[in-house]
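Scroll down for the structure; my scribbles are underneath it.
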Amino acid sequence: SRGINAEYGGEPNVQAKAAEFGVPQGRIIFSNVAPKEEHVRRGRVADVCLDTPLCNGHTTGMDMLWSGTPMITMVGDSLASRVAASQLTTLGCPELVATNFKQYEDIAVTLGNNPQELKAMKQKVRLARATSPLFNIKEFCTHLERVYERVWSNYQENKTGDHVTDLTLRTLPSDRMLCTEPFLRPVSPDEYYQLIGQSNNSQQQYRANYPAYSWKGE
């Protein structure tokens, strides 16, 4: 097993809890925070990613799937506990989504004890990266734009709020457009903190906490 090195006693706490279940200390390897590309590449070291059920891996889940590593999750009731299930369903791998702890364990044990099945699942995940909508940013943005368009159209027509499921593209007349010019643009860290009303001290504290990242050229 692999984990990210954490402060405030995270590593010894995990090791101690694992020891209670008879897991030798050497079976759990902690790694330091790394740049994004290295972080994704080393995800390939793992055979399977065991997602945390109560609060799923959001960006972490995407990173693991992009590395081609199968991820097992258990769907919950909250948004935070359903993200990984949405990712896997969109990827075309719903068989990795469990509905209870027993099923979660069974999926992990099956992949762990069957090298050929694990190999096939890894191959499926890797191939799906290029064919499923999960990593198709252009399609995602198009769908999101259609949702915004439909929501605005419903508002203009005084319709009551409801789930937006019909993404049929409809072009609004120019006089009904929400915005007639681009309104999203990159902002510098300094401007960002001004926009959200925080002092520069917050920015300096953030950079002090994460000295491994380069802040040059901003």
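Surface listing: ASP47, ASP162 arranged by accessible area from highest to lowest gives ASP162, ASP47, probe 1.4 Å.
Nonpolar atom fraction for segment 11-51, defined as the carbon and sulfur part of the 1.4 Å probe accessible area, stands at 56 percent. Solvent-accessible surface of segment 49-102, taken per residue with a 1.4 Å probe and all protein chains present: 46 Å².
Model label sites at GLN116 and THR89, defined 7 Å from Cα along the beta-carbon direction, differ in position by 3.2 nm. Coupling constants for segment 44-54 follow from the phi torsions by the Karplus curve (6.51 cos²θ - 1.76 cosθ + 1.60, θ = phi - 60°), and in residue order they are 5, 5, 7, 6, 9, 9, 8, 5, 7, x, 5 Hz; glycine and proline get x.
Hey, how much of the P(r) for segment 47-156 falls beyond 22 Å, as a percent of Cα pairs? Every Cα pair in segment 47-156 considered, those over 22 Å come to 36 percent.
When nucleic acids and ligands are ignored and a 1.4 Å probe is applied, ARG42 ends up with an accessible area of around 40 Å².
Computed over protein heavy atoms with a 1.4 angstrom probe, the accessible surface ordering of CYS141, CYS49, CYS93, largest first, is CYS141, CYS49, CYS93. In this view, the solvent-accessible surface of PHE140, computed with a 1.4 Å probe and all protein chains in place, comes to about 130 Å². Between LEU50 and LEU127, full extension at 0.36 nm per residue minus the direct alpha carbon distance yields a gain of 25.7 nm. Charged neighbours of PRO70, selected by a Cβ distance under 9 Å, balance to +1 (K, R count +1; D, E count -1). The calculated FRET efficiency for the pair CYS141 and LYS17, based on their C-beta separation and a Förster distance of 30 Å, comes to about 0.10.
The values are calculated or read from the model by the stated rules, or taken from the named source; none is laboratory data. Just so it is clear, the structure is predicted and the values come from calculations on it, not from any experiment. Every residue, glycine among them, receives a Cβ derived from its backbone with ideal geometry; neighbour counts consider all protein chains shown. These area figures cover heavy atoms from the full protein model, side chains too; ligands, DNA and RNA do not enter into them. Shrake-Rupley method; radii C 1.70, N 1.55, O 1.52, S 1.80 Å.
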